[in-house]
Amino acid sequence: MDLAFTEDEEDFRHRLRAWLADALPMLPDRPHPADWPGRRAYDCGWQRMLHDAGYAGLHWPKDAGGQGATPTQHLIFLEETERAGAPYVGAGFVGLLHAGPTIAAEGTPEQRARWLPPILRGDEVWCQGFSEPDAGSDLASLRTRAVRDGDTYVVNGSKIWTSHAEIADWCELLVRTAPVNADTPKHRGITWLAMPMDAPGVTVRPLRTLAGTAEFAEMFLDEVRVPVTHRVGEENDGWRVTMVTLSFERGTAFVGEVVACRRVLEALARTAKANGRWDDAVLRRRLGRLAAECAALWRLTQWNVSEAQRTGGVPGVGGSVFKLRFSQVRQELYEAAAEVLGPDALDAGQEWVADRLSSLSYTIAAGTSQIQRNIVAERILGLPKGR
């Protein structure tokens, strides 16, 4: 088997490197992490640059407005942009990595035409309205109701941990359209809606995190009207559509961060050599093991992306294997960073300290590690469901 890059792939890499070298100096200074309007403008500006250069939605199918790149080209893009220090998707996370791919896979031609081009251009930002105060890991227990009234749904309820809600134009929203009873299990009465965030009755209250930022919010919905034409998939079939969304969230949304973790490891080694902590053999072994973990995760990423391409573009349950291990590795990485920093790990202004705080959420966000273990046990290993 020839594992070398092809001539076309190497040409793609060289052209991308040249473009990044020209484009990155043109970016303005990064805004403060707590300045979300500023971060939206910065992230959307970068997305427009990618779009104009032909790199937006690189791996999306061409009929969804993407470039139809191969899995290898997609991975080369992630490697090169991360190594060059290019911005991450940031405020575009939900639109580019969750809602957009879901609409591309499940939406009507009209829905694709309406929502996908603005996502790819960076013109519109999406948030995710899934979790509720009593429906987090057990997402199917959600209670936000949507009642059909002619050509609209009337929505009432609340959401929590709504990513980027205060700066979003649209929300990928899960609602209950059929009550739970003996004939309708809780998974079968859910519908996936695209809700405009400026609709009357939408109230957003930002939630401040341990790191001092407010990328999450509570969202309250009071008699909010959403057109039926904004439903993705059939009524009461939203759980199946949601599994498509979550497969993207767990399967491919974090792949760029694997490259970032490998870069952080290299920086940790340099810092440890500079401040004398490299003399600790235990720390050296710890960093070496993490390097091996990250290399293995990158290989798993390559397999997941290739498998998704082979099976029609939607990631499979292999994404849960990746999400489960990556969450733990990221936490271990920033614990190692704290060891390298020593007393400076208590200084919030130091590099990696904010990342250490945010890493605590990774075993909860996008499906807890307990949920991922259940998925692996039931859908990959074929073990019986717990009672």
For residues that are surrounded by 15 or more Cβ atoms within 10 Å (Cβ to Cβ), among the charged types (D, E, K, R) and farther than 14 Å from residue 260 by Cα, tally how many sit in the range 345-355. 0
For a quick check of your reading of the model, give me the residue pairs whose first member lies in the range 216-233 and is within 14 Å of residue 175 (Cβ to Cβ), whose second is aliphatic (A, V, I, L, M) and not in a strand (DSSP E or B), with beta-carbon atoms closer than 8 Å and at least 6 apart or on different chains. 219/160; 219/165; 224/199; 225/199; 226/199; 232/103; 232/241; 233/241
With the condition kept exactly as written, say whether any residue in the range 9-19 is open to solvent by less than 50 Å² (accessible area, probe 1.4 Å) and among the charged types (D, E, K, R). yes
Assuming residue 275 fulfils every condition listed in (1) at pLDDT 85 or above; (2) more than 16 Å from residue 153 (Cα to Cα); (3) open to solvent by less than 30 Å² (accessible area, probe 1.4 Å) apart from one, which condition is it? (3)
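Among the residues of the range 72-88, what is the count of those that are touching an Asp or Glu at 6+ places or on another chain (Cβ under 7 Å) and polar (S, T, N, Q)?
Filtering the range 72-88 for residues touching an Asp or Glu at 6+ places or on another chain (Cβ under 7 Å) gives 72-73, 76, 87.
Now narrow it down to the ones that are polar (S, T, N, Q): 72-73.
Qualifying residue count, the range 72-88: 2.
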Of the candidates 172, 124, the one satisfying the condition of being in contact with a Leu (Cβ under 9 Å, 6 or more places away or on another chain), within 25 Å of residue 38 (Cβ to Cβ) and among the charged types (D, E, K, R) is 172
Say whether the condition of being touching a Lys or Arg at 6+ places or on another chain (Cβ under 9 Å) and either among the acidic types (Asp, Glu) or at pLDDT below 95 (or both) is met by at least one residue in the range 13-30. yes
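Can residue 244 be described as within 27 Å of residue 114 (Cα to Cα) and at pLDDT 85 or above? Please lay out each step first, then the result.
Details: within 27 Å of residue 114 (Cα to Cα): yes; at pLDDT 85 or above: no.
When the stated conditions are applied, residue 244 does not pass them.
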Unmet criterion (only one of (1) surrounded by 17 or more Cβ atoms within 10 Å (Cβ to Cβ); (2) assigned by the TED database to the domain that holds residue 201; (3) touching a Ser or Thr at 6+ places or on another chain (Cβ under 7 Å)) for residue 94: (2)
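Given the residues 28, 33, which is the only one that is more than 23 Å from the chain's Cα centre (by Cα) and within 28 Å of residue 167 (Cβ to Cβ)?
Of 28, 33, the one residue that is more than 23 Å from the chain's Cα centre (by Cα) and within 28 Å of residue 167 (Cβ to Cβ) is 28.
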Identify the single condition in (1) open to solvent by 20 Å² or more (accessible area, probe 1.4 Å); (2) among the small types (Gly, Ala, Ser); (3) in contact (Cβ under 8 Å) with a residue 24 or more places away in the chain; (4) in a helix (DSSP H, G or I) that residue 41 does not satisfy, given that it satisfies every other one. (3)
Could you say whether any residue in the range 105-115 is in contact with a Phe, Trp or Tyr (Cβ under 7 Å, 6 or more places away or on another chain), modelled with pLDDT under 95 and under 30 Å from residue 13 (Cα atoms)? no
Taking only the range 62-87 into account, find how many residues are open to solvent by 30 Å² or more (accessible area, probe 1.4 Å) and under 19 Å from residue 116 (Cα atoms). 5
Residue 27: passes all of (1) without any contact (Cβ under 8 Å) to a residue 40 or more places away in the chain; (2) more than 24 Å from residue 70 (Cβ to Cβ) but (1)
How many of the residues making up the range 278-307 are buried (at least 17 other Cβ atoms within 10 Å of the Cβ) and either more than 14 Å from residue 326 (Cα to Cα) or more than 28 Å from the chain's Cα centre (by Cα) (or both)? 5
Conditions: (1) charged (D, E, K, R); (2) open to solvent by less than 20 Å² (accessible area, probe 1.4 Å); (3) modelled with pLDDT of 95 or more. Residue 249 meets all but one. Number of the miss? (3)
For the range 160-210, name all the residues that are of a type in the set (A, V, I, L, M, F, W, C), open to solvent by 10 Å² or more (accessible area, probe 1.4 Å) and assigned to a strand (DSSP E or B). 170, 202, 204, 207
In the range 318-332, anything modelled with pLDDT of 80 or more and within 16 Å of residue 256 (Cα to Cα) is listed as 325, 326, 327, 329, 330
Answer with yes or no whether residue 140 is assigned to a helix (DSSP H, G or I), open to solvent by 30 Å² or more (accessible area, probe 1.4 Å) and either touching a Ser or Thr at 6+ places or on another chain (Cβ under 6 Å) or in contact (Cβ under 8 Å) with a residue 12 or more places away in the chain (or both). no
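The values are calculated or read from the model by the stated rules, or taken from the named source; none is laboratory data. Being a predicted model, the structure only gives us computed values, none of them experimental. Reconstructed Cβ throughout: ideal geometry from the backbone, glycine too, with neighbour counts over all protein chains shown. Accessible surface areas use protein heavy atoms only, side chains included; no ligands, DNA or RNA. Shrake-Rupley method; radii C 1.70, N 1.55, O 1.52, S 1.80 Å.
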